Amino acid sequence: MSIERQLAEAFKRNESALECPPSLDARIMADYGRMTMGKRGDSFMKRKWSWSRAAIIVVVVAILSGFAYAGNKFLFSDSQGRYSIHMQTNEVFSLAPDTLEKARASLKEVQVQLAPGETAVVYLPEMAAQFSGEQPPLGVTNPNYITDLQQWKHVLEESSITESLPDSLLGGTYQFQAGTLNSPLHFLIGLDAMKLQDEMKTEIKKTEGNRPLWRLTAPPVDIPQSYYTSVYRNANGEALYISWGVLKGSSIKLEGITSPDTEYVQLDLNGHKAHYTKNEQSLYGDSNVFQSVMWIEEQEDQTIVYHVESDSASMTKERLIEAATSLQ
């Protein structure tokens, strides 16, 4: 699981409406009105929903959301414009190697059954067992890629994305391959996520099955932040992902929990404060290693969150930072 970026993202229209529970992954965005748990993280969970919007939005890099746990330790925080993030670590998010590999294989099994552009809510028995049967929302997507560079640039221009889109990165070793709305590693889950997951949980209990279950979901479109991702690959097929998260109007506050083994370094990218993280428990991508450089910029009437990411086990921190710096 990219437990490194497993964050809950709760957005708000006003201060009184915002309650942002901790969770996993950097773009799990949930319009939760209220959520409470039993004492000391017991598996019994009371959920009270007060919807200010007709959507539950879960944007995932790696995927679990909406659970509160004791014993959190501060990792980093940042805030600029309409966007803020507060990240913590907790021992509860350390996955056993066999659980991680089984979950990764199960998600790939579901992904290959999806048509381009489809997203599914997934119930994994191995992950439910990790969280005492109360698996938070989990999903997978099959991105709809645009492989023509000029066509992708046109999409960005029509969306008022004025950022420079390079043909290649790192001295030409990574060439543009495709662009997609949202991300291969981050996606939206619709309002029906919790209901579908509860139904699958009941089905698993009745059949005593141990295979992953999944249901298609229609992601909501009326969200305060839009993501655009460009994918670059080298001769070995290893990928670099550049994402722009454009936020207008509403504010987003992110609070999340990550594995205690997550590596973190605060960076200075040409005068911009940035955050490097590395976690080796990613649910998605070509390996279980997930690295990210993230920073925030406020531009006129919008806030942009930048992500330069890699799912390659051979990518070094220095090279990823070099790629991020080249975009400044």
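A few notes on this one:
- Count of residues meeting criterion [surrounded by fewer than 21 Cβ atoms within 10 Å (Cβ to Cβ) and touching a Pro at 6+ places or on another chain (Cβ under 8 Å)] in region 126-166: 3
- Within region 142-165, the residues that satisfy the criterion of being assigned to a loop (DSSP other than H, G, I, E, B) and either in contact with a helix residue (DSSP H, G or I) (Cβ under 6 Å, 6 or more places away or on another chain) or within 11 Å of VAL231 (Cα to Cα) (or both) are ASN142, TYR145, THR147, LEU165.
- Residues of region 78-105 satisfying the condition of being outside any loop (DSSP other than H, G, I, E, B), surrounded by 14 or more Cβ atoms within 10 Å (Cβ to Cβ), more than 18 Å from the chain's Cα centre (by Cα) and in contact (Cβ under 8 Å) with a residue 40 or more places away in the chain: GLN80, VAL92
- Of the criteria (1) closer than 26 Å to GLU298 by Cβ; (2) under 15 Å from the mean Cα position of the chain (by Cα); (3) not aromatic (Phe, Trp, Tyr), which one GLY190 fails: (1)
- Near pairs, Cβ below 9 angstrom, 6+ apart or cross-chain, from region 183-209 (touching a residue at least 12 places away in the same chain (Cβ under 8 Å)) to any residue that is acidic (Asp, Glu) and part of a helix (DSSP H, G or I): GLY209/GLU203
- Cross-chain or 6+ apart pairs with Cβ under 7 Å, region 294-307 first and in contact (Cβ under 8 Å) with a residue 24 or more places away in the chain, then assigned to a strand (DSSP E or B) and small (Gly, Ala, Ser): MET294/ALA274; TRP295/ALA274; ILE304/GLY245; VAL305/GLY245; HIS307/SER243; HIS307/SER292
- For GLU238, the requirement of being at pLDDT 90 or above and of a type outside the set (A, V, I, L, M, F, W, C) is met.
- Subset tally (residues that are buried (at least 22 other Cβ atoms within 10 Å of the Cβ) and of a type in the set (Asp, Glu)) for region 277-310: 1
- Within region 218-235, restricting attention to residues that are of a type in the set (A, V, I, L, M, F, W, C) and crowded, with 17+ Cβ neighbours inside 10 Å, the residue that is modelled with the lowest pLDDT is ILE223.
- Test: residue in region 170-180 that is polar (S, T, N, Q), assigned to a helix (DSSP H, G or I) and either in contact (Cβ under 8 Å) with a residue 60 or more places away in the chain or crowded, with 16+ Cβ neighbours inside 10 Å (or both): no
- Positions within region 296-328 being of a type in the set (Val, Ile, Thr) and closer than 15 Å to PRO166 by Cβ, in sequence order: VAL308, THR325
The values are calculated or read from the model by the stated rules, or taken from the named source; none is laboratory data. Bear in mind the structure is a predicted one, so any value in this text is a computation, not a measurement. Methodologically, a virtual Cβ is constructed for each residue, glycine included, from the backbone with ideal geometry; neighbour enumeration extends over all protein chains shown.
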